[in-house]
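The values are calculated or read from the model by the stated rules, or taken from the named source; none is laboratory data. The structure presented is a predicted model; accordingly, all values stated were derived computationally and were not measured. Ideal geometry is used to build each Cβ from the backbone, glycine not excepted, and the neighbour counts take in all protein chains shown. We work out accessible area using only protein heavy atoms, side chains counted, and drop any ligands, DNA or RNA first. Shrake-Rupley method; radii C 1.70, N 1.55, O 1.52, S 1.80 Å.
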Number of protein chains: 2
Amino acid sequence: MKKFINDADRLLHDALKGVASVHSNIVEVQFSPTFVSRKQRPSEKKVVLISGGGSGHEPLHVGFVGHGMLDAACPGQVFTSPTPDQMLAAASAVDMGPGVLFIVKNYAGDVMNFQMASEMMDCPNATVLVTDDVAVEGSTHTTGRRGVAGALIVEKLAGAAAEAGADLAQCKAIGDRANQTTASMGVAFTSCTVPAAGRPTFEIEADEMEVGVGIHGEPGRRREKLQRADLIVDELLTAILRDLNPQSGAEVLLHVNGFGGTPLMELYLLFERADVQLRSLGLTPVRSLVGNYTTSLEMAGASLTLTVLDSELKALWDAPVRTSALNW
Amino acid sequence: MKKFINDADRLLHDALKGVASVHSNIVEVQFSPTFVSRKQRPSEKKVVLISGGGSGHEPLHVGFVGHGMLDAACPGQVFTSPTPDQMLAAASAVDMGPGVLFIVKNYAGDVMNFQMASEMMDCPNATVLVTDDVAVEGSTHTTGRRGVAGALIVEKLAGAAAEAGADLAQCKAIGDRANQTTASMGVAFTSCTVPAAGRPTFEIEADEMEVGVGIHGEPGRRREKLQRADLIVDELLTAILRDLNPQSGAEVLLHVNGFGGTPLMELYLLFERADVQLRSLGLTPVRSLVGNYTTSLEMAGASLTLTVLDSELKALWDAPVRTSALNW
């Protein structure tokens, strides 16, 4: 295992100390229990958004804390759910009265722990479950569809709604709608290595790829021989569009997400093919995002995420955001 | 070789088409000859900055085109120098009269081609050579020190000076000073694979790292057994500080750069150690940057870059920048 670490048990702590130092104008980090919250509280009372999940997907979610997006994030150990005490402490620190919205990727541990926190809280709260991965129904540690890069979309859109003064029910409705109109699928060329495990999560041959892989290296639809990038994009888009079934003429947000170990040049190449293909199908990618946002440590591979936009969602996407990973 | 490509010869073209689509509000891309320039010309006449070099280091340099930084970038094929016709076309497209400043990383091919372009131009022009890598004196394709992640620093500081109305000599002086007061060194855990070559640039054992590696996989100071992250940071810092020899009490910019295949968590961990160590030595990292900015395709590894700041350089760093990769 080749990693910059001192001790696998201390990796999260050491990394979060770095986050706190580097982004001290945007976030602050608490330990015992661990959560990351905005440095500056919003000037007006608003619904607060809290997300979280296992670490190893950075910048998700810690990098999305800030104006226009999350109020706090609860990172667990690598690929390990955070615990209810983290969520309770985060909620207690950032709650302003109008309610707490949890945004939770659909993994059994995350769902259970956020639900426990929700039940233990006195303040109004609601949860949006992110289930954008169309690859498989049910997976390792998941009942139903996995939540992957669509979490970023849900957090941005619901975060903008909260910033604009939407109440808890409205924020949840935006989050649910963002999730329903978002679909993702990815492929992996290599496995990542979880530091505490010390060896690759899965084995894969030098000429193979995992089509429909999960962001923890969960199996996808099938293992197959490497293909040209254009064919990979076409297959991912076909699966995504079969799920979303957008109307011809629809405007979409196209997000190409790298899993960590794939160069930016390749992600832009994937975008270009997807953009051309979508336009040929009468869909217009009017907004885009390309980069490593929902990673799987150093896994080589990428996913495509498509969100069907309407004027409301487009305006929410365009609303200002000031986090360490998204900033406009 | 596991990459998202259709044809190694078309990778750069396809990726740049993606860049043009995704960042259409910031840049535009020309082909034959190939260069990337700002979408919007500056409102006032100013010195224009042009950089370039082999591709495969993205977001460098293409991602640094925009307000407050570069006016144009000339990408060559992967790890291959761009040609003088690209530089001449870029200069012709963006020149506003007060002069053209080339920012060139010190590799023989880049230096020769930018020099040829410089000699063929009618307009006032000057060149800043970036030589921040303290690992070795002379390397594969390099006489003297290599230019690595310090290019970002030089481009940001000289770019801010140009935006503020500095003349050509002043912009060159800022760029030269930024280079002189900046030093970098990195380590690699794995090799990258150049698409046209199809196999790793170098072989390395599972328990080894290359200390002082170049951003094309050039040899560093030595190959040694993997070490704890803290010890790696300490060794890199020692080499950098020996070169810069900053006064106690100095303010510094600390940049942790990932080479592409190292997770963000690990980069933050490296930052934290470096930050603590610098403070213990009486140096204060008052500005910071952590992420994959000067990459070597999918190489796993990272570099540290330190710039000694004075009030002028600090203000230039803080000046607004609006590019696809840096935005504040």
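Volume per residue of the convex hull around the Cα atoms, evaluated for segment B:264-328, comes out as 102 Å³.
Using a simple charge model, +1 on the beta-carbon of Lys and Arg, -1 on the beta-carbon of Asp and Glu, nothing else, what dipole does segment A:239-328 show about its Cα centre, in debye to the nearest 20? Provide the component values of the computation, followed by the final result.
Working: 6 positive and 9 negative charges, 7 e Å.
Roughly 40 debye for segment A:239-328.
The mean count of C-beta atoms from other chains within 10 Å of the C-beta of residues in A:53-62, rounded to a whole number, is 2. Assuming charge only on the beta carbon of Lys and Arg (+1) and of Asp and Glu (-1), the dipole of chain A about its Cα centre is about 360 debye to the nearest 20. The Cα center of segment B:115-169 and the Cα center of segment A:123-158 differ in position by 46 Å.
Cross-link check: pairs A:K314/B:K17; A:K2/B:K3; B:K3/B:K225 evaluated at a Cα-Cα cut-off of 26 Å; pairs beyond the cut-off: B:K3/B:K225.
Considering only beta bridges that DSSP places wholly inside chain A, some 55 percent are antiparallel. With its label point put 7 Å out from Cα toward Cβ, A:N25 sits 2.0 nm from the same residue's point in the other copies, in order from shortest. The relative contact order of segment B:231-328, computed from alpha carbon pairs under 8 Å that lie at least 6 residues apart in sequence, is 37 percent. Placing one equal scatterer on every Cα of the protein assembly as shown and applying the Debye formula, the log10 ratio I(q)/I(0) at q = 0.06, 0.08, 0.10, 0.11 Å⁻¹ is -0.30, -0.54, -0.88, -1.08. The distance linking segment A:250-328 with segment A:29-82 is 22 Å (Cα centroid to Cα centroid, whole angstrom).
Given the rule -39500 (n - 2.57) for each run of at least 4 DSSP H residues, summed and divided by the residues of chain B, what is its mean residue ellipticity at 222 nm, to the nearest 500 deg cm²/dmol?
Numbers: 8 runs with 104 residues, N = 328.
Helices in chain B give a 222 nm mean residue ellipticity of -10000 deg cm²/dmol.
Determine the shielding of peptide A:292-303 by partner chains: average, over its residues, the number of Cβ atoms on other chains within 10 angstrom of each Cβ.
Partner Cβ neighbours, averaged per residue: 3.
Each peptide in B:139-146, A:288-295 receives the mean, over its residues, of other Cβ atoms within 10 Å, and ordering these scores from highest gives A:288-295, B:139-146. Note: chain A, Cα convex hull, 117 Å³ per residue. In segment A:8-181, taking the dipole from charged Cβ atoms about the Cα centre, the farthest positive-side position among A:C74, A:I26, A:A15 is held by A:I26. Using DSSP, restrict attention to beta bridges with both residues in the protein assembly as shown and report what percent are antiparallel, rounded to the nearest 5. Approximately 55 percent, going by the DSSP bridge assignments. Distances from B:D310 to the same position in the other copies: list them in nm, one decimal, shortest first, using label points 7 Å from Cα along Cα→Cβ. Distances to the matching label points in the other copies: 6.0 nm. Among A:K2, A:K156, the order of accessible area from largest down is A:K2, A:K156, computed with a 1.4 Å probe on protein heavy atoms.
Please state, as a whole number in µm²/s, the translational diffusion coefficient that the Stokes-Einstein equation yields for segment A:8-181 at 20 °C and 1.002 mPa s, with Rh defined as the Kirkwood radius across alpha carbon pairs.
Details: Rh = 15.7 Å.
My calculation gives 137 µm²/s for D.
Fraction of C-alpha pairs exceeding 16 angstrom in segment B:176-243: 53 percent, rounded to a whole number.
In peptide B:19-25, how many Cβ atoms from other protein chains are near each Cβ within 10 Å, on average?
Per-residue shielding by partner chains comes out at 5.
Computed from point charges on the beta carbon alone (+1 for Lys and Arg, -1 for Asp and Glu), the dipole magnitude for segment A:146-228 about its Cα centre is near 140 Debye. Annotation: amide H-H contacts under 5 Å for B:H67 (H modelled 1.01 Å from N, sequence separation of 5 or more, or interchain): B:R322.
Applying 1/(1 + (r/R0)^6) with r as the Cβ-Cβ distance of A:E203 and B:Q115 and R0 = 41 angstrom yields a FRET efficiency of 0.25. Treating r as the C-beta distance of A:S248 and B:A196 and R0 as 51 Å, the FRET efficiency rounds to 0.80.
Tell me, what is a quarter of the convex hull surface for the C-alpha atoms of segment A:182-311, in nm² with one decimal?
Spelled out: convex hull of the Cα atoms, projected over all directions, averaged, 7.7 nm².
For A:E119, the point set 7 Å out from Cα toward Cβ sits 7.9 nm from its twins in the other copies, listed from shortest up. Summing charges over neighbours of B:A15, with a neighbour being any other residue whose Cβ is under 10 Å away from its Cβ, gives -2 when K and R count +1 and D and E count -1.
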